[in-house]
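The next block holds one structure in the form of structure tokens; read it before the comments.
The values are calculated or read from the model by the stated rules, or taken from the named source; none is laboratory data. What you are looking at is a predicted structure, and each value in this text was computed from that prediction instead of being measured. Heads up, the Cβs are rebuilt from the backbone with ideal geometry, glycines too, and the neighbour counts pull from every protein chain shown. To get the accessible areas, we keep the full protein, side chains included, count just its heavy atoms, and leave off ligands, DNA and RNA. Shrake-Rupley method; radii C 1.70, N 1.55, O 1.52, S 1.80 Å.
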Amino acid sequence: MSRGYFTHGGVSFPRLLYSPRGLEAAREFPVEDDDVFNVTYQKSGTVWMLEILSLIRSDGDPGWCRSVPNWDRGPWLETLLGLRRARGNPRPRLISSHLPVQLFPRAFFTSKAKVIYTVRNPKDVLVSLFHFSRIFRPYKDPGTLESFMDQFLRGEVPFGSWFQHVRGWLQLRGHPNFFCITYEELQQDLRGSVTRLCEFLGRPLSAGAIDAVVANASFAAMSQNPMSNFSLSPLFILDLRRGPFLRKGVCGDWRNHLSAEQSARFDRAYRRHMAGLGVRFPWDPPPGSPPGGTAAEETPPGTPPDSPGIPQTPPGPHLPSPPPPTHPTPPP
Ligand code: A3P
């Protein structure tokens, strides 16, 4: 088995699951106006959001989620198998993707299809990805957390730089077909988040149906559902003997892994890469905090996000043309 990576559009992908041909096919994917895309940087809550969207599509009825694997309900566009499945699925389709915006299907940008973009505290993404890299066989062994953190901050991991991914996608904020939410908001208020998602999707649900979405998308429910916990995944892809896919499912686990020095180094890179974005995330420091402190340092785990900070705008007709490709992240 090869654990090699190749680079496409400046972004690294593992050969075992991805190919330049597949990524080109994804770029030319024929988007339908009623497609709903579940987009994330990896380890930011992709399968959680997929479960929520599957349940909303089923009016809270868990039957679909309990009978069809999540990778068939909302296939990953960037794999050839996922792309084929996405093409064949009945409309309205749910489609997942970790692609950075510059590699996303061109047709999306002139369609009325919707993107839901979920963002997570990058320190928790780092820790989650570190553990995931030990069980996901297409990925290289992560080595030590110290060295893996350096690779992560340089964007030298599959799917590239977290900073570039988030900055790239957030160029679409304010557009009517783009909805940004954080993992932390889902944790803090899942019911309220589901309600907002229903509004964005134009699919109002009854209070009872929303309760059912919330109950069936819980960490416990998903962990026990073989269609959602990846226990059906072949061993050559995912080695669950080394740890579960649904690992902890909490905010702030980075505190159990990063030293004070590592955390401070991460914060410096974060500030440099995110400067000027004009978006405040739940993990960012309150305005006026002294330099050197970020919410990533200051906020204890479980602290409610004080503001989603990501404005949504009223409905309008279309998204604009795709933004220009972003440039590789300089080393921190
Ligand atoms: P941890 O490794 O921190 O536990 P992705 O789906 O993008 O790969 O993200 C995986 C992360 O989302 C894992 O984080 C996983 O446990 C978490 N997750 C998945 N379902 C969840 C749920 N229902 N509630 C909370 N976290 C969930």
Failed item, numbered, when Ser128 is tested on (1) over 21 Å from Gly168 (Cα atoms); (2) more than 16 Å from the ligand (Cβ to nearest atom): (2)
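Matching residues to (1) farther than 30 Å from Gly60 by Cα; (2) within 14 Å of the ligand (Cβ to nearest atom):
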residue	(1), (2)
Pro138	yes, yes
Glu156	yes, no
Arg167	yes, no
Phe179	no, no
Arg203	no, no
Residues being within 18 Å of Phe200 (Cβ to Cβ) and either touching a Ser or Thr at 6+ places or on another chain (Cβ under 9 Å) or open to solvent by less than 10 Å² (accessible area, probe 1.4 Å) (or both) - total across the range 1-43: 8
Contacts under 8 angstrom Cβ, first residue in the range 218-242 being within 17 Å of Trp64 (Cβ to Cβ) and away from the ligand (no atom under 11 Å from the Cβ), partner among the polar types (S, T, N, Q) and open to solvent by 60 Å² or more (accessible area, probe 1.4 Å), 6 or more apart: Met227/Ser67
Residue list for the range 100-124, restricted to those being outside any loop (DSSP other than H, G, I, E, B), open to solvent by 10 Å² or more (accessible area, probe 1.4 Å) and either closer than 14 Å to Arg27 by Cα or in contact with a Gly (Cβ under 7 Å, 6 or more places away or on another chain) (or both): Gln102, Leu103, Arg106, Ala107, Thr110
So Leu172, is it within 12 Å of the ligand (Cβ to nearest atom), under 16 Å from the mean Cα position of the chain (by Cα) and open to solvent by less than 10 Å² (accessible area, probe 1.4 Å): no
Search result, residues across the range 19-46 that are within 16 Å of the ligand (Cβ to nearest atom) and closer than 22 Å to Phe132 by Cα: Asn38, Val39, Thr40, Tyr41, Gln42, Lys43, Ser44, Gly45, Thr46
Residue list for the range 70-81, filter: away from the ligand (no atom under 13 Å from the Cβ) and either open to solvent by less than 10 Å² (accessible area, probe 1.4 Å) or polar (S, T, N, Q) (or both): Arg73, Pro75, Leu77, Glu78, Thr79
Residue among Ser147, Ser133 that is part of a helix (DSSP H, G or I) and open to solvent by less than 10 Å² (accessible area, probe 1.4 Å): Ser133
Whichever residue in the range 48-68 is within 20 Å of Phe179 (Cβ to Cβ), touching a residue at least 12 places away in the same chain (Cβ under 8 Å) and open to solvent by 10 Å² or more (accessible area, probe 1.4 Å) and, among such residues, is farthest from the ligand (Cβ to nearest atom): Asp59
Residue match in the range 284-305 (condition: at pLDDT 75 or above and crowded, with 18+ Cβ neighbours inside 10 Å): yes
